[in-house]
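Some notes on the structure that comes next.
Coordinate-derived values only; no laboratory data. Keep in mind that this is a model prediction, so the values were computed, not measured. With ideal geometry, Cβ positions are generated from the backbone for all residues, glycine too; neighbour counts draw on all protein chains shown.
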């Protein structure tokens, strides 16, 4: 119980007993002419409200204490989360895609097609472990055990007919790919990328430059 509540409780208790004393004095109340039953009822009537008051005061104080403890735990949890986020931020891989090259392959007379994408992937941040590139069906199409800090990897992926969307009118190809990896603290990170490719669809084995950019 804090000091303020204790002082308030003591003052109210003193006022209560002073009021009882004045009441007894004014009404010339005497304990000597009372039988034990009457005396017991009188004393119970005096002390029961005081006991009940202190019980309520303790209950209210306990509730405040629990609320303070809950807020302290929430603050501690937020602090720990910020510290954990800062730790993850400090070791977060920063992936840069450069020197993108694409080859669009089309077999005449067949419905299937294939895109080969080649690019350099440089990690300017913390280490990336268990690095996967996945297609829009969440199938792994490339895997590296690790991309270390300031390391550059030459990547080559293949996208099939179910992995891309072709716009014949605009002669564009669009695909979604996913970079899926873990940071130094084994926190799982998923990055979504869009592959945008514009080409002459009827050309065979024509190499084109395209764009790969973060979508979210």
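So if each residue of separation counts as 0.36 nm, and I subtract the Cα-Cα distance between residue 46 and residue 8, what length gain in nm does that give? Write out the running numbers ahead of the final one.
On the way: separation 38, 0.36 × 38 = 13.68 nm, distance 1.89 nm.
That works out to 11.8 nm of additional length.
With each pseudo-label sitting 7 Å past Cα toward Cβ, what's the residue 80-residue 53 distance in nm, one decimal?
4.3 nm
Where does the chain land at 222 nm, in deg cm²/dmol rounded to the nearest 500, when only DSSP H runs of n ≥ 4 count, each adding -39500 (n - 2.57), divided by all residues? Please list the in-between numbers first.
On the way: 2 runs with 79 residues, N = 216.
After summing the helix terms and dividing by the residues of the chain, the value is -13500 deg cm²/dmol.
Divide the volume of the convex hull of the Cα atoms of region 95-214 by its number of residues and quote the answer in cubic angstrom per residue. Walk me through the intermediate numbers first.
Numbers: hull volume 11.1 nm³, N = 120.
Dividing the Cα hull volume of region 95-214 by its residues yields 93 Å³.
On a 0 to 90° scale, report how tilted helix 36-90 is relative to the longest principal axis of the chain, with both axes built from alpha carbons and the result rounded to the nearest 10.
Value to nearest ten degrees: 20.
Find the Cα radius of gyration of region 3-90, compare it with 2.2 N^0.38 Å by division, and give the number to two decimals.
Details: Rg = 24.5 Å, N = 88, 2.2 N^0.38 = 12.1 Å.
It is 2.03.
Report, to the nearest 10°, how far helix 3-26 tilts away from the longest principal axis of the Cα atoms in the chain, using its own Cα long axis and a range of 0 to 90°.
That helix lies at roughly 20 degrees to the long axis.
What distance in nm separates the simple spin-label points at residue 70 and residue 169, each placed 7 Å from Cα in the Cβ direction?
5.8 nm
When Rg/Rh (Cα atoms, Kirkwood Rh) is calculated directly from the model, which label among (i) 1.18; (ii) 1.01; (iii) 1.59 fits?
Structure-derived value, by its label: (iii).
For residue 150, project a label point 7 Å along Cα to C-beta. Then give me every residue of region 65-99 with its amide nitrogen under 15 Å of that point.
94, by backbone N distance to the label point.
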